[in-house]
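Step one of this worksheet: look at the structure below.
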């Protein structure tokens, strides 16, 4: 019989893979291919940003839908919807005959991420043992880095035929969806359906604007990171793709968010992360023509962004301990609203002035995000090392004996 630990490990790997194909491939690979799509479909910066904004709006709507679906039918239904939507979106992009169909594919692909995050956060909170839960949440969230890492080499192998790369993304999404159907169990809910009460606990007074600020600031690199390296930095296709690969590879460090947050405290982790995030974004603007500097900036951005979104997940599940899908959903909803507003604004700044002006504005917004750091900085126990928690102050070994779940 398969041990509980092995089942949790398999479940976590499947969740990480779903995040990888939905975020790293279906959603953020749009930024990787932005220079190619700009040429292929004759798009200007404002249009590129508007299409990205449509993806973020779809994400917002999908977050709401996923929270409702997860509450009513369980996390498995939301996760399967995410994989199916990622497959459909990437397939449409691969087959797009014009900019309209391209935009539709990007919107569908973006919706897959909104369906994935709340459902997986809920499933982790109900399937994984409490002493391993924070680590599992962080590992699953780091799938974004894995997806971004994979997308780079695929784009290089498909050089001259960008559609082949997107067909490969669609195939990967379909395979992961089949894995999700096999691995993620239908979770039975032991709580009343409906909205949590209170709807907005005190922690959300900082959580929601913090998430929106991160969204605004991150839109620059996710949408125009490779574009600025090519159009202003003069990097060729290979060099600019290497920058993207580095971003994804170092983003895998986000798997250690739970451990790092347990030692620094949530407030210091958020504050330090936003300052480093601002530095990475500014470096993209100030050292655009230096490949080594862009590699450093991409590495810093990848690690810090995945880490900060991991912080949002931990923060959201603690704000809503009885409704983790809702907590992650509202946090990521605000994150996506920020990205939806930021992408077209940065694109417009690029058309009117210079993309570097948009990146510097995004860096300034990231610094402002420090103001929304959580007040709570104490740590408790939650996975065998010290961890932030608003749920329990009992070490895991005592918690286990007490029968906590």
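Report, in deg cm²/dmol and to the nearest 500, the calculated mean residue ellipticity at 222 nm for the chain, where each DSSP H run with n ≥ 4 adds -39500 (n - 2.57) and the sum is divided by the residue count. Before the final figure, lay out each step's value.
On the way: 17 runs with 303 residues, N = 405.
Using -39500 (n - 2.57) per qualifying helix, the result is -25500 deg cm²/dmol.
Using the Kirkwood radius built from alpha carbon pairs, what does the Stokes-Einstein equation give as D for the range 193-252 at 20 °C and 1.002 mPa s, in µm² per second? Don't jump to the answer; show the numbers that get you there.
Working: Rh = 14.5 Å.
D, rounded to a whole number, is 148 µm²/s.
Report the percentage of all Cα-Cα pairs in the range 231-281 whose separation exceeds 15 Å, rounded to a whole percent.
Summing the P(r) of the range 231-281 above 15 Å gives 63 percent of all pairs.
Tilt of helix 45-73 relative to the longest C-alpha principal axis of the chain, in degrees (0 to 90, nearest 10)?
Around 20 degrees separate the two axes.
Can you tell me how much longer the chain between residue 268 and residue 73 gets when fully stretched, taken as 0.36 nm per residue apart minus their C-alpha distance, in nm with one decimal? Working shown, then result.
On the way: separation 195, 0.36 × 195 = 70.20 nm, distance 3.71 nm.
Gain on extension, residue 268 to residue 73, equals 66.5 nm.
Out of these labelled values of Cα extents along the principal axes in Å, (1) 62, 41, 34; (2) 67, 44, 37; (3) 70, 54, 41, which was calculated from the coordinates shown here?
(1)
When N is the residue count of the range 1-147, what does its C-alpha Rg come to as a fraction of 2.2 N^0.38 Å?
Working: Rg = 16.4 Å, N = 147, 2.2 N^0.38 = 14.7 Å.
In units of the globular-protein estimate, the range 1-147 measures up at 1.12.
Please say if the range 1-67 is rounded, prolate or oblate, where rounded means a/c under 1.5 for a ≥ b ≥ c the square roots of the C-alpha gyration tensor eigenvalues, and otherwise the choice is prolate for a/b larger than b/c and oblate otherwise?
Details: a/c = 6.36, a/b = 2.27, b/c = 2.81.
Because a/c hits 1.5 or more and a/b fails to exceed b/c, the range 1-67 counts as oblate.
Can you compute the label reach from residue 290? Point 7 Å from Cα along the Cβ direction, backbone N cut-off under 12 Å, restricted to the range 355-369.
none
Quick check on the exposure proxy: order 334, 274, 164 from fewest to most C-beta atoms within 10 angstrom. Walk me through the intermediate numbers first.
Numbers: 334 23, 274 26, 164 15.
Ascending number of Cβ neighbours within 10 Å: 164, 334, 274.
Would you mind checking the tilt of helix 324-352 against the longest principal axis of the Cα atoms of the chain, expressed as 0 to 90 degrees and rounded to 10?
With both axes taken from Cα atoms, the answer is about 10 degrees.
What percent do you get for the relative contact order of the chain when only Cα pairs under 8 Å and 6+ apart count? Before the final figure, lay out the partial values.
Numbers: 852 pairs, mean separation 101.8, N = 405.
Normalised by residue count, the contact order of the chain is 25 percent.
Go ahead and run the numbers for FRET between residue 375 and residue 161, Cβ-Cβ distance against an R0 of 41 Å, rounding to 0.05. Write out the running numbers ahead of the final one.
Values: r = 52 Å, r/R0 = 1.27.
Calculated value: 0.20.
Given a Förster radius of 41 Å and the C-beta distance between residue 237 and residue 195 as r, what FRET efficiency does 1/(1 + (r/R0)^6) yield to the nearest 0.05?
Between residue 237 and residue 195 the formula returns 0.30.
Assign one of three labels to the range 71-157, namely rounded, prolate or oblate, based on the Cα gyration tensor with a ≥ b ≥ c the square roots of its eigenvalues; rounded applies when a/c is under 1.5, prolate when it is not and a/b is larger than b/c, and oblate otherwise. Mind dumping the intermediate values first?
Values: a/c = 3.79, a/b = 1.66, b/c = 2.28.
Oblate, since a/c reaches 1.5 and b/c is not below a/b.
Tell me, rounded to the nearest percent, the portion of alpha carbon pairs in the range 160-293 spaced more than 23 Å apart. Numbers along the way, then the final one.
On the way: 5242 of 8911 pairs.
Every Cα pair in the range 160-293 considered, those over 23 Å come to 59 percent.
Throughout, read-outs are computed from the coordinates displayed, never taken from laboratory work. All figures in this text were calculated on a predicted structure; none of them were measured in a lab. Here the Cβ is made from the backbone with ideal geometry for all residues, glycine too, and neighbour counts use every protein chain on show.
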